Amino acid sequence: MPSITFEGQDREVLPGETVLDCLLRSGVAVPHSCKAGACQSCLMKAEANVGLESAQAGLKDTLRAQGYFLACSLRPSADVAVSLPGGEVRTAARITRLDSLNETVLRVRLRVEEPFPYYPGQFLSLVRSDGLARSYSLASLPHESDLELHVRRIPGGAMSEWLHSDSPEGETVWLQGPAGNCFYVPGSPEEPLLLVGTGTGLAPLYGIARDALAQGHTGPIWMFHGALTPAGLYLTRELQEMSARHANLHYVRAALRDGGVDGVEDGELDACIRARLPKLAGFKAYVCGDPALVNSLRKKLFLAGIASKAIYADAFLPSSSPSPLPQSAACT
Amino acid sequence: MSEHVSPSLYQQIGGAAAVDAAVDIFYRKVLSDDRVSHFFDDVDMDRQAAKQKAFLTMAFGGPHNYTGADMRRGHAHLVLRGLNDGHVDVIIELLGATLAELNVPQPLIAQVAAIAESTRGDVLNR
Ligand SMILES: Cc1cc2nc3c(=O)[nH]c(=O)nc-3n(C[C@H](O)[C@H](O)[C@H](O)COP(=O)(O)OP(=O)(O)OC[C@H]3O[C@@H](n4cnc5c(N)ncnc54)[C@H](O)[C@@H]3O)c2cc1C
Ligand code: HEM
Ligand code: FES
């Protein structure tokens, strides 16, 4: 059996086990969340390249070249020495402001002292001082003084309850990333864009739409925001004002229940989209939020004629299990 | 050496560019066909696009590293869910329709179908 060396100690890998599971089993507090290669919370570094490619999907080239990999995706077939990422990939940030966007969504503003280059719509891993890590998408624009995240309260959720209930304003956290392909790419200003999100899936779309408009996008930008009930929608006034200022921005809200009033559409998002946009070939689409909805929507959009390469999606995968709080401080 | 090497089937169809052109058309057909779409329901699209490419490259006679054993392993869970000859027929039919849509000549389509056909036993784990 191959073994994993961490902080000078060897740990034997069980058949089929990932680096993450092996280290967690032996009591090492590795930050993690989705265990599915999507959130990048479990970033680690290998001392030598031992067939890391399969565990490097979605990582930046610079990180790949330095031997970074996702611990939840690597099933080692040879001995490997690994370490947790240090300051070179983590940026300290202070929580500057927390304010409610609706009953369940909190706007979290963060200030970084060092440069933190990102594209609006990408996501970062927010790592608390005890090592708890969760991913959140960026709703802000790089020239704004603070980073902006939208965090939905998950009852019993380790990170979201902390942010919502403990009011950690002023606290320092670590940021890892950014990562992900959900962002505006300039160069085709006339291309029609379709932005679809549920719940806090609006966060990246809000960033992408404002970025596109700021960069002079002239083609139509269709933004569809869905929620279970109208109470789950937010930033409505801001988006209505934005679409009043920009003739090419079309903003549609939908709720699965209790819609049909105050300009909120009643029913499924994809029906709303089809009613307004019968022809989708030629669109570029961004789909973010609830994983089941993201996966079914991207399939439907593809079947409706959008090229698979023109669909960018971020499924907000939840953590794989209620994670016990890591015992030791994981970021130093 | 002046040995004449005739272009491979893969080159005649158009190589990697043909795979790229075919992948969306083929995958759309598969997902819209009630006879086979349920096998693809829980495969996520990112991974699936890569696998469709692998499938097409293989069927077009292009470079790949799959062995018969890989094909058996790769489809064993589908056989448990009822994958049978009829489904292989559908996939070969949709493959042909895809190539016809891309104006690939019929004789080349027949060669592609024969390659896919040759994997039938492995795909069905017989
Ligand atoms: C790429 C990416 C981007 C993301 N962007 C955002 C974002 O912008 N805004 C945002 O609010 N979240 C986002 N998420 C989700 C976020 O990372 C956390 O999963 C979420 O905040 C819950 O974390 P928690 O610690 O509060 O709950 P946990 O302690 O992780 O969860 C507690 C329990 O609730 C379950 N659970 C978690 N989430 C859900 C859910 N949605 N529905 C039902 N059960 C659930 C868990 O499985 C667990 O059993 C994103 C995730 C990914 C992978
Ligand atoms: C006709 C011959 C066929 C060939 C040559 C073939 C080839 C392939 C190849 C190369 C892969 C990728 C394997 C991998 O990289 O893991 C694959 C995966 C797959 N094939 Fe086939 N295939 C055939 C028939 C079928 C049929 C008939 C079905 C179902 C109707 C099917 C359904 C699938 C599915 C669902 C996957 C993805 C499995 C997963 O990731 O869970 N295939 N196939
Ligand atoms: S990417 Fe490994 S835990 Fe999410």
- Task: Enumerate the pairs (first residue in the stretch A:251-263 and closer than 16 Å to A:LEU228 by Cβ; second residue anywhere and among the small types (Gly, Ala, Ser) and assigned to a loop (DSSP other than H, G, I, E, B)) with beta-carbon separation below 9 Å, excluding pairs fewer than 6 apart on the same chain, so at least 6 apart or on different chains.
- Result: A:ARG253/A:GLY259; A:ARG253/A:GLY263; A:ALA254/A:GLY267; A:ALA255/A:GLY267; A:LEU256/A:GLY267; A:GLY259/A:GLY267; A:GLY260/A:GLY267
- Message: For the stretch A:136-173: of the residues being surrounded by fewer than 16 Cβ atoms within 10 Å (Cβ to Cβ) and either not in a loop (DSSP other than H, G, I, E, B) or not assigned by TED's automatic domain parsing to the domain that holds A:GLU113 (or both), which is nearest to ligand 2 (Cβ to nearest atom)?
- Response: A:GLU161
- Message: Of all residues being aromatic (Phe, Trp, Tyr) and in a strand (DSSP E or B) in the stretch A:249-290, which is nearest to A:GLU190 (Cα to Cα)? Just the residue, please.
- Response: A:TYR286
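Determine, yes or no, whether A:ALA46 is under 22 Å from the mean Cα position of the chain (by Cα) and aliphatic (A, V, I, L, M).
Details: under 22 Å from the mean Cα position of the chain (by Cα): no; aliphatic (A, V, I, L, M): yes.
Spelling it out, it is not the case that A:ALA46 is under 22 Å from the mean Cα position of the chain (by Cα) and aliphatic (A, V, I, L, M).
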- Item | Selected residue (criterion: farthest from the other protein chains (Cβ to nearest Cβ)) from residues of the stretch B:1-29 that are among the β-branched types (Val, Ile, Thr) and under 24 Å from A:ALA310 (Cα atoms) | B:VAL19
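Please pick out the residue among B:ALA50, B:ALA18, B:ALA97, B:ALA59 that is modelled with pLDDT of 95 or more and among the hydrophobic types (A, V, I, L, M, F, W, C).
On the way: B:ALA50 fails: modelled with pLDDT of 95 or more; B:ALA18 fails: modelled with pLDDT of 95 or more; B:ALA59 fails: modelled with pLDDT of 95 or more.
Being modelled with pLDDT of 95 or more and among the hydrophobic types (A, V, I, L, M, F, W, C) holds for just one of B:ALA50, B:ALA18, B:ALA97, B:ALA59, which is B:ALA97.
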- Kindly provide the set of residues from the stretch A:40-55 that are touching a residue at least 24 places away in the same chain (Cβ under 8 Å) and either more than 13 Å from A:CYS72 (Cα to Cα) or not assigned by TED's automatic domain parsing to the domain that holds A:ALA78 (or both), ordered by number. A:ALA46, A:GLU47, A:ALA48, A:VAL50, A:GLY51
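Inside the stretch B:30-70, can you point out the residues that are over 12 Å from A:LYS299 (Cα atoms) and within 12 Å of chain A (Cβ to nearest Cβ)? Write out each step before concluding.
Applying the first criterion (over 12 Å from A:LYS299 (Cα atoms)) to the stretch B:30-70 yields B:33-36, B:38-39, B:47, B:50-70.
Passing the criteria: B:ASP33, B:ARG47, B:ALA50, B:GLN52, B:LYS53.
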- Note on the structure: Filtering the stretch A:308-332 down to residues that are over 14 Å from A:SER33 (Cβ atoms) and modelled with pLDDT under 90 yields A:SER308, A:LYS309, A:GLN327, A:SER328, A:ALA329, A:CYS331, A:THR332
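Starting from residues that are among the hydrophobic types (A, V, I, L, M, F, W, C), closer than 19 Å to A:PRO192 by Cβ and surrounded by fewer than 18 Cβ atoms within 10 Å (Cβ to Cβ), keep the ones in the stretch A:278-309 and report whichever is farthest from the other protein chains (Cβ to nearest Cβ).
So in the stretch A:278-309, the residues among the hydrophobic types (A, V, I, L, M, F, W, C) come out as A:280-281, A:283, A:285, A:287-288, A:292-294, A:297, A:301-304, A:306-307.
Now narrow it down to the ones that are closer than 19 Å to A:PRO192 by Cβ: A:280-281, A:283, A:285, A:287-288, A:297, A:301-304, A:306-307.
Checking the rest, the ones that are also surrounded by fewer than 18 Cβ atoms within 10 Å (Cβ to Cβ) come to A:281, A:303, A:307.
Details: A:ALA281: 11, A:LEU303: 6, A:ALA307: 6 Å.
Looking at residues that are among the hydrophobic types (A, V, I, L, M, F, W, C), closer than 19 Å to A:PRO192 by Cβ and surrounded by fewer than 18 Cβ atoms within 10 Å (Cβ to Cβ), I get A:ALA281.
Per-residue answers, yes or no, for (1) under 23 Å from A:TYR312 (Cβ atoms); (2) modelled with pLDDT under 95; (3) in the same structural domain as A:LEU147 (by TED's automatic domain parsing):
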| position | (1), (2), (3) |
| --- | --- |
| A:LEU20 | no, no, no |
| A:ALA29 | no, yes, no |
| A:ALA38 | yes, yes, no |
| A:ALA57 | yes, yes, no |
| A:ARG64 | yes, yes, no |
| A:PRO76 | no, yes, no |
| A:ALA93 | no, no, yes |
| A:LEU101 | no, no, yes |
| A:LEU110 | no, no, yes |
- Looking across the stretch A:174-204 at residues that are of a type in the set (A, V, I, L, M, F, W, C) and assigned to a loop (DSSP other than H, G, I, E, B), the single one that is surrounded by the most Cβ atoms within 10 Å (Cβ to Cβ) is A:CYS182
- Message: Based on this model, can you work out whether A:TYR234 counts as closer than 25 Å to A:GLY180 by Cβ, away from ligand 3 (no atom under 16 Å from the Cβ), away from chain B (no Cβ under 14 Å) and in a loop (DSSP other than H, G, I, E, B)?
- Response: yes
- Item | Count of the stretch A:1-48 residues which are assigned to a strand (DSSP E or B), of a type in the set (D, E, K, R) and more than 16 Å from ligand 3 (Cβ to nearest atom) | 3
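The values are calculated or read from the model by the stated rules, or taken from the named source; none is laboratory data. The structure displayed is predicted, hence computed values, not measured ones. Quick reminder, even Gly has a Cβ in these numbers, built from the backbone with ideal geometry, and neighbours come from all protein chains shown.
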